[in-house]
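Encoded as structure tokens, the structure appears first; notes follow it.
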Amino acid sequence: MAIIPFDTTVNIGTNYKDRDWFDIESIDCNGWRSGSGRNKDNWKDYWEGCVRDRAQPYDVQDTSPTTGNKKTLYPVYDCGDIAKAMPLSYNWDRLNSKVDEMSPNGMTNVTIGLVWAWHALTSNTPYTGAAAPAPDLDKVIIILTDGDNTEAWDNVNNKKITTRSEIDARTAAVCANIKAANIKIYAVRVIDGNADLLRSCATSPNMYFDVQQASQLNDVFTAIAQNLANLRIAK
């Protein structure tokens, strides 16, 4: 299992900072603590591990980053209070602790959460620990959100996207791409969020859950676990 906390960014951690995956052109543009002295030469000394949306169309793809195509690189950004993402692991104690680290804060970009969940389930860079696709292997994403899309990043023009319909269109695109890659999606809406968008994102209608009280989440995740167990028995 992997856990990918998200707001408008994902915190992948600073242990990747020496890789050549990153677009640092936006460091002094539109808000990476502009005027703080951070620049293209010293950014690694300040970076906390967060990235924003890649340039379109790679913001909704699992394509590995390459220096030969700047649009595939990940724009670095500040982290705020977001918990660090955890790639695939069998360490249930660490996974439980990761859930405890998470707290709601900031704006919402469901697209970036979904695309990094997808990254976690393949062997492509940046996360490379997933098994290859196989007939007897189910790959599953559970997307949980309690809000509408409010902010994304246009990396070509170095500017924020705040038009909800425009961000929703990117979310719909990544949902379609994930399902085309034969990965199942469960979608859980908690009180708020675009119900139509999340319902259509789920692989089937019975894989969408609309939760009106947080106390219902235990029952939802129990139902999802039972559904996955039934799939395994059927195979």
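The values are calculated or read from the model by the stated rules, or taken from the named source; none is laboratory data. All figures in this text were calculated on a predicted structure; none of them were measured in a lab. Using ideal geometry, Cβ is built from the backbone for each residue, glycine included, and neighbour counts are taken over all protein chains shown.
Condition test on Asp210, is it touching a strand residue (DSSP E or B) at 6+ places or on another chain (Cβ under 7 Å), farther than 23 Å from Asp136 by Cβ, free of Cβ contacts under 8 Å to residues at least 40 places away in the same chain and not aliphatic (A, V, I, L, M)? Working first, answer last.
On the way: touching a strand residue (DSSP E or B) at 6+ places or on another chain (Cβ under 7 Å): yes; farther than 23 Å from Asp136 by Cβ: yes; free of Cβ contacts under 8 Å to residues at least 40 places away in the same chain: yes; not aliphatic (A, V, I, L, M): yes.
For Asp210, the condition - touching a strand residue (DSSP E or B) at 6+ places or on another chain (Cβ under 7 Å), farther than 23 Å from Asp136 by Cβ, free of Cβ contacts under 8 Å to residues at least 40 places away in the same chain and not aliphatic (A, V, I, L, M) - is met.
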> Of Asp62, Asp100, Asp78, which residue is touching a helix residue (DSSP H, G or I) at 6+ places or on another chain (Cβ under 6 Å) and charged (D, E, K, R)?
Replying inline: Asp62
>> Just to verify a result, which residue in region 1-25, among those that are over 23 Å from Ala131 (Cα atoms) and of a type in the set (Ser, Thr, Tyr), is surrounded by the fewest Cβ atoms within 10 Å (Cβ to Cβ)?
In response: Thr14
> From Ser123, Ser89, which residue is over 30 Å from Lys159 (Cα atoms), touching a strand residue (DSSP E or B) at 6+ places or on another chain (Cβ under 9 Å) and among the small types (Gly, Ala, Ser)?
Replying inline: Ser89
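Do you know which residues across region 96-123 are surrounded by fewer than 15 Cβ atoms within 10 Å (Cβ to Cβ) and not small (Gly, Ala, Ser)?
First, the residues of region 96-123 that are surrounded by fewer than 15 Cβ atoms within 10 Å (Cβ to Cβ): 96-97, 99-105, 123.
Matches in region 96-123: Asn96, Val99, Asp100, Glu101, Met102, Pro104, Asn105.
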> Restricting region 124-168 to residues that are of a type in the set (S, T, N, Q) and touching a Lys or Arg at 6+ places or on another chain (Cβ under 9 Å), which is surrounded by the most Cβ atoms within 10 Å (Cβ to Cβ)?
Replying inline: Asn149
> Which one of these is touching a Phe, Trp or Tyr at 6+ places or on another chain (Cβ under 6 Å) and on the phi < 0 side of the Ramachandran plot: Asp81, Asp62, Asp45?
Replying inline: Asp62
> Cβ-Cβ below 8 Å, separation at least six or inter-chain, first residue in region 117-137 and closer than 21 Å to Cys201 by Cβ and modelled with pLDDT of 95 or more, second in a loop (DSSP other than H, G, I, E, B) and of a type in the set (Phe, Trp, Tyr): which pairs?
Replying inline: His119/Tyr127; Ala120/Tyr127
>> Among the residues in region 191-206, are any touching a strand residue (DSSP E or B) at 6+ places or on another chain (Cβ under 8 Å), at pLDDT below 95 and not acidic (Asp, Glu)?
In response: yes
> Considering region 166-216 alone, what residues qualify as being of a type in the set (S, T, N, Q), part of a helix (DSSP H, G or I) and more than 19 Å from Ile112 (Cβ to Cβ)?
Replying inline: Asn206, Ser215, Gln216
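Residue by residue, here is whether (1) touching a residue at least 60 places away in the same chain (Cβ under 8 Å); (2) more than 30 Å from Ala176 (Cα to Cα); (3) of a type in the set (Ser, Thr, Tyr) holds:
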{"residue": "Lys44", "(1), (2), (3)": "no, yes, no"}
{"residue": "Gly49", "(1), (2), (3)": "no, no, no"}
{"residue": "Val60", "(1), (2), (3)": "yes, no, no"}
{"residue": "Ser64", "(1), (2), (3)": "yes, no, yes"}
> Where residues in region 169-182 are within 17 Å of Tyr208 (Cα to Cα) and touching a helix residue (DSSP H, G or I) at 6+ places or on another chain (Cβ under 7 Å), which of them is surrounded by the fewest Cβ atoms within 10 Å (Cβ to Cβ)?
Replying inline: Ala172
>> Residue under question is Arg54, and the condition is that it be closer than 23 Å to Ala180 by Cβ and either in contact (Cβ under 8 Å) with a residue 24 or more places away in the chain or charged (D, E, K, R) (or both); does it hold?
In response: yes
